[in-house]
1. So how far, in whole Å, is the C-alpha centre of the range 160-208 from the one of the range 529-603?
2. Treating the beta-carbon of each Lys and Arg as +1 and of each Asp and Glu as -1, no other charges, what is the dipole magnitude of the range 265-369 about its Cα centre, to the nearest 20 debye?
3. Would you work out the charge dipole size for the range 2-242 about its Cα centre, treating the Cβ of every Lys and Arg as +1 and the Cβ of every Asp and Glu as -1, and quote it to the nearest 20 debye?
4. Rounded to two decimal places and with Rh computed the Kirkwood way over Cα pairs, what is Rg over Rh for the chain?
5. Under the √(5λ) rule applied to the eigenvalues of the Cα gyration tensor, what semi-axes describe the equivalent ellipsoid of the range 396-536? Give them in Å, descending.
6. Only loop residues by DSSP count here, and only those with at most 10 other Cβ atoms within 10 Å; note down the trypsin sites (Lys or Arg not before Pro) in the range 520-584 that meet that.
7. Cut-off is 10 Å between beta-carbons; in what order do 141, 96 appear when sorted fewest neighbours first?
8. Run the quick spin-label model on residue 619 and residue 265: label points 7 Å from Cα toward the beta carbon, then report their separation in nm to one decimal.
Amino acid sequence: MTTHYLACDLGAESGRLMLGTLSEGRLALEELHRFPNTPIKVEGSLCWDVPRLFDELKAGLKKAAARRLSFASISCDSWGVDYLLYRADGSLLSPTFHYRDVRTARGVQNAYAKVDWPAIFAETGIQFMPLNTIFQLAAETPARLGQAQLILGIGCAFNHWLCGVARFEESMASTTQLYDPLTRGWSDHLIEVLGLPRRMFPRLVTSGTRLGFLKEELARAIGLPTIEVIASCSHDTGAAVAAIPATGETQRVPERNQPDSSPDQAIQLYLRQLDQVRTLTPEEESELAARSRSDENARLRLIEAHLPQVVKVARDYESAGLSLLDLINEGNLGLLKAVERFDPAKGGRFSTYASWWIRQAIRRAWVRESRIASLPVGEPRWAYLSSGTWSLMGVESPTPVLTDACRELNFTNEIGYGGSVRLLKNISGLWLVQECRREWAKAGQEFDYATLTRLAAEAPPFVSLINPADPRFLSPDDMPARIAALCRETGQPVPVTPGAFVRCALEGLALLYRRTLGQIEQLIGKRIERLHIVGGGSKNDLLNQFTANALQIPVLAGPVEATAAGNVLVQAIALGHLPSLAAARQVVRDSWPLTKFEPQDASVWDEAYRRFEKVLSSV
């Protein structure tokens, strides 16, 4: 049986519409339409030209229609963190800001004035990056937020444009830093604390949800039949990880204590008793809170009145893996702490204050109980690296890791296919090389990437070592000058030739990968034995070999089109054409050859890493 699918893959540098053909256990991908994704300036702000991107997708769909094939479905994926806002009438609220726009610095300040970083991480498990959605929304003006009726991630917005159904898919939602991985829903707490309109945040759906069908008017305009639209992994990294050609399949760990659908008599009795507890009026609550420190009866009445609130919060966390009884017990401890610490003189309602303490007590209990499950028996422990403009290095985990160590190492917990967690770190990947190339082109020096890689291979090794994740490299414009400035600041020779600049960037990346992999091993308590590199960067054999050398483990590179492959394969699972993620990964292994890179020159790279660590500590 042969089945055709369409995948729209939107990247920060370019977008394309891909044709995926699944036949006899193998997947073939063909690019139907490619287009640049060039940011624009709107009133001094860096923005995305979204209407043009819609037009480009429409042009690609017309090319697909010209093939006169029968398509089973279509899905769109994109980079994370950026979003579209819509008015109540469905019109787009322009502009659509770029994550590298300087306004995000203001957003960080605005957010931290209302909630601190440890609290944000405890709620979301997402690493700090100033470009995160939470900070972008904190930088929005009240006027824009007042008009906004709906928010959608980029990939989700394109699915909405195709079928008219507005849903935020989980893998994309988790990148917003407004998603709670324990309750598997929006963090109403953060949304409220930041003063964001709750009405904007639509219903969440899991990866592989069948949304609807291509709008009839759009189908007529492009000459396609009304094909099905699926929310694949809308976040491109989630799609790419779904196509990692590894064996074994990470699912969510079976809940350690499944919530009992028929609680024992003691809990039933307790819950019935709470039904009799009278809710306090705001005035009564305020009076009891004021008297609670000196009046034991007032203290006990305040506690009793808020026991139903503990149960309500506890039920939100039943899917996280603790029994309802355990959740209630932990929440009660949080309530007692709230009564002890509440200061009426500071204003605010006690119930709001108590809710925070109850939730934090439950979440801390979950962190104590949580663990990373072992990988499948007999499977070498593997990590992945999605290599492109960004490098995303991580492992699949069955549960989020919300520990202090995870926060301090600035790792992130993004949702993957099947409810798995992508425990990873975002690293500024080939961005430095891309920006250097762009700057040289402006000066009249045109290089393709193959030429730059060859020149880098010919350049002397380890002349200057830089950290590609240094914050000064985040924004565009004159990347060679920024690299030169960092080299001068750290007392190292300044690269002169394009080859020297690119080698400096690639060596720095490989050494940063080594540092990141060590942190992953620290967090999961396991030794990683193999690295899978996928995405456009997997074509860079020089960087792949540098990575194997730096990490001192084998590297398997491919497929290049992992994101499009993952997009298509999740569609196939959703439609019942493949039975599981494990089967999808078998299709990847059978469809593309992998290139293996064995580690070399261990002592040389060990010495370079020691120098690299000194550079990091000196900046």
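1. Computed from Cα coordinates, the inter-centre distance equals 29 Å.
2. On the way: 16 positive and 15 negative charges, 49 e Å.
Here the size comes out at about 240 debye.
3. Values: 24 positive and 25 negative charges, 102 e Å.
With Lys and Arg at +1 and Asp and Glu at -1, about 480 debye.
4. On the way: Rg = 25.7 Å, Rh = 26.0 Å.
My calculation puts Rg/Rh at 0.99.
5. Numbers: eigenvalues 204, 53, 42 Å².
Its equivalent ellipsoid spans semi-axes of 32, 16, 15 Å.
6. On the way: sites: 526, 527, 530, 539; in loops: 526, 527.
Passing sites in the range 520-584 are 527.
7. Values: 141 9, 96 20.
If I rank by nearby Cβ atoms, fewest first, I get 141, 96.
8. In this crude label model, residue 619 to residue 265 measures out at 6.7 nm.
Read-outs throughout are calculated quantities, based only on the coordinates presented, and are distinct from any laboratory measurement. This is a predicted model, so every value here is computed, not measured. With ideal geometry, Cβ positions are generated from the backbone for all residues, glycine too; neighbour counts draw on all protein chains shown.
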